[in-house]
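Below is one structure, written out as structure tokens; comments come after it.
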Amino acid sequence: MKILGIEHIAIATKDLEQDSSFWSDILGINYLGKEIVENEGVVTDIYNTDQGKVELLAEYGEESPITKFLEKRGSGLHHVCLEVEDIHKAVKELKSKGIQLISDKPTIGAEGYQIVFIHPKSAGGVLVELCQKQKQNK
């Protein structure tokens, strides 16, 4: 598996509007936009530092995993996302090493990336997301 770098860190928040001010107004990080990812139950605000992104995550829908996270832990670091060269190869390699994944099959996340999550039990208590950019048709 080839890791290309840290794609983003994700922060769960109870109030996107209130918390976004710190990242855009105080730190001056370039705001890329808001995106609803229905299949993941989140609304994201994405900020680009040009060397990785910060994603603020808020709940979307009644079954949002962010709701459960906020109830249990409150606002704060939700996960770290690593970009990989080939997500299917990464899943296969991780499974062969006994790593527990949340799902064995990648889904589509924010910005059209293919994503899969590694269970915190296999990653020292940290939720880790792997992502791969969609290949562009020429």
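A few comments on the model shown:
- Residues that are farther than 22 Å from residue 91 by Cβ, touching a strand residue (DSSP E or B) at 6+ places or on another chain (Cβ under 6 Å) and in contact (Cβ under 8 Å) with a residue 60 or more places away in the chain, drawn from the range 1-31: 11, 12, 13
- When every residue of the range 73-86 is checked against the conditions, at least one turns out to be modelled with pLDDT under 95, in a helix (DSSP H, G or I) and not hydrophobic (A, V, I, L, M, F, W, C).
- Leading residue by the ranking (nearest to residue 34 (Cα to Cα)) among those in the range 112-138 that are among the polar types (S, T, N, Q) and at pLDDT 95 or above: 114
- Complete set of residues in the range 47-60 that are surrounded by 15 or more Cβ atoms within 10 Å (Cβ to Cβ) and over 14 Å from the mean Cα position of the chain (by Cα): 60
- Matching residues, the range 103-122, being without any contact (Cβ under 8 Å) to a residue 24 or more places away in the chain and in a loop (DSSP other than H, G, I, E, B): 103, 104, 105, 119
Matching residues to (1) within 15 Å of the chain's Cα centre (by Cα); (2) among the hydrophobic types (A, V, I, L, M, F, W, C):
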| site | (1), (2) |
| --- | --- |
| 6 | yes, yes |
| 26 | no, yes |
| 36 | yes, yes |
| 62 | no, no |
| 74 | no, no |
| 81 | yes, yes |
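- Taking the criterion of being farther than 27 Å from residue 36 by Cα and either in a helix (DSSP H, G or I) or touching a strand residue (DSSP E or B) at 6+ places or on another chain (Cβ under 7 Å) (or both), the residues of the range 90-99 that qualify are 92, 93, 94, 95, 96, 99.
- The residue pairs whose first member lies in the range 32-49 and is of a type in the set (Lys, Arg), whose second member is surrounded by 15 or more Cβ atoms within 10 Å (Cβ to Cβ) and not in a strand (DSSP E or B), and whose beta carbons are closer than 8 Å, counting only pairs six or more residues apart or on different chains, are 34/16.
- Complete set of residues in the range 1-43 that are surrounded by 12 or more Cβ atoms within 10 Å (Cβ to Cβ), assigned to a strand (DSSP E or B) and not hydrophobic (A, V, I, L, M, F, W, C): 7, 8, 30, 31, 34, 35
The values are calculated or read from the model by the stated rules, or taken from the named source; none is laboratory data. Note that this is a predicted model, so its numbers are computed, not measured. Positions of Cβ are generated from backbone atoms using ideal geometry, with glycine treated the same way; all protein chains shown enter the neighbour counts.
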